[in-house]
Amino acid sequence: MKSYDLDGIGMTSARSRTRLVNQLERNGIAHQEVLDAFAAVPRHIFVEEAMAHLAYQDRALPIGHGQTISQPFTVAVMTEALLETRRDSVLEVGTGSGFQTALLAQLCGKVFTVERVKPLLDRARRRFEALKIRNVHSQLGDGYNGWPEKGPFSGILITAAPRAVPQVLLEQLDVGGRMVVPVGADGNQRLKVIDRTDQGYGERVVDAVRFVPLVKGLRT
Ligand code: SAH
């Protein structure tokens, strides 16, 4: 596990991070690697400075452009679900702040991430740079198309909700791979885990969740 040394601020936030990790554990997150990743990745770097003091509370926060950094518990549930299968090459749709991406970078071989809002992607890229994260490849694009040149992926994690799972993304999932995706209209979303085997696709519902919608096309 990589660790980040961020001077004085790192000291205070390391303590707050431990509190958050303990809370996640109390709420049922059992996968030690996921807990270790939360302990290692400084979430306060992924929010605006004015909100840094809220970064280790278990809540979603606004990141601009009508988007949010997801709630840590939800991020942990999704990450845990993804890690149960192979994790050599993972596609994330919806980079947003880049926090989930940074966690995946700790836990997976290669991480590909796609975001449709350029200013969010630019900010996330600066954070990866600052944290010296080297195994993340990011692209401005419409995640509805996935990233066909880099697939198939052993895992696909979608951090915004489509009304239905896009067929193109299912096709970019490798046999033996797993997709974690919130599906449904606002107010009625379910987190789904979809496994691809040589027999086809199998899915189960994990949880009721609340995500921003997956939007078609680039932001103009
Ligand atoms: N994992 C992020 C979640 C951000 S919210 C985090 O924790 O910070 C979801 C993100 O998905 C937003 O940044 C939004 O702009 C992006 N998004 C929505 N539709 C998209 C699409 N079609 N392609 C790529 N990104 C999309």
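Keeping all protein chains in place and using 1.4 angstrom, which order do V34, V175 fall into by accessible surface area, from largest down?
Heavy-atom accessible area, descending, gives V175, V34.
May I ask for the angle, rounded to the nearest 10°, between helix 118-130 and the longest principal axis of the chain, with both axes built from Cα atoms and the value confined to 0 to 90°?
In the chain, helix 118-130 runs at an angle near 60 degrees to the longest axis.
Rounded to the nearest 10 Å², what accessible area does V205 show when all protein chains are kept and the probe is 1.4 Å?
In the full protein context, V205 sits at about 80 Å².
Suppose we keep just the DSSP beta bridges with both residues in the chain; what percent of those would be antiparallel, to 5? Don't jump to the answer; show the numbers that get you there.
Working: 18 of 37 bridges.
Here the antiparallel bridges make up roughly 50 percent for the chain.
Just tell me which lysines come within less than 21 Å, Cα to Cα, of K150; anything on the same chain fewer than 8 places away is out.
K110, K118, K216
What is the sum of charges, Lys and Arg at +1 and Asp and Glu at -1, for the other residues whose Cβ falls under 10 Å from the Cβ of G217? Can you show the working numbers first?
Working: positive: R116, K216, R219; negative: D142.
Summing Lys and Arg as +1 and Asp and Glu as -1 gives +2.
Viscosity 1.002 mPa s, temperature 20 °C: Stokes-Einstein D of the chain from its Kirkwood Cα radius, in µm² per second?
Roughly 124 µm²/s, to the nearest whole number.
With contacts defined as alpha carbon pairs under 8 Å and 6 or more residues apart, what's the relative contact order of the chain in percent? Could you put the intermediate results ahead of the total?
Numbers: 436 pairs, mean separation 33.6, N = 220.
Computed value for the chain: 15 percent relative contact order.
Give, as ranges by residue number, the residues of region 132-146 whose backbone N falls under 20 Å from the point 7 Å along Cα→Cβ of L218.
Answer for this model: 137-146.
Leaving out ligands, DNA and RNA, what percent of the accessible area of region 158-220 is carbon and sulfur, probe 1.4 Å?
47
To the nearest 10 degrees, how steep is helix 7-26 against the longest Cα principal axis of the chain, on a 0 to 90 scale?
So the inclination is approximately 50 degrees.
Using the heavy atoms of the protein chains alone and a 1.4 angstrom probe, what is the accessible area of the chain per residue in square angstrom? Mind showing how you got there, number by number?
On the way: 10250 Å² over 220 residues.
In whole numbers, the chain has 47 Å² accessible per residue.
Ignoring ligands, DNA and RNA, how do E92, E25 rank by accessible area with a 1.4 Å probe, largest first?
Correct descending sequence by accessible area is E25, E92.
What do you reckon, how do E49, E115 stack up by accessible area (1.4 Å probe), largest on top?
Result, largest first: E49, E115.
Give me the net charge for the shell around R26: Cβ to Cβ below 12 angstrom, other residues only, Lys and Arg +1, Asp and Glu -1.
-1
The values are calculated or read from the model by the stated rules, or taken from the named source; none is laboratory data. Note that the coordinates shown come from a computational prediction; the quantities given were computed from them, not determined experimentally. Using ideal geometry, Cβ is built from the backbone for each residue, glycine included, and neighbour counts are taken over all protein chains shown. When the accessible area is computed, the model is the full protein with side chains, heavy atoms only, and any ligands, DNA or RNA have been set aside. Shrake-Rupley method; radii C 1.70, N 1.55, O 1.52, S 1.80 Å.
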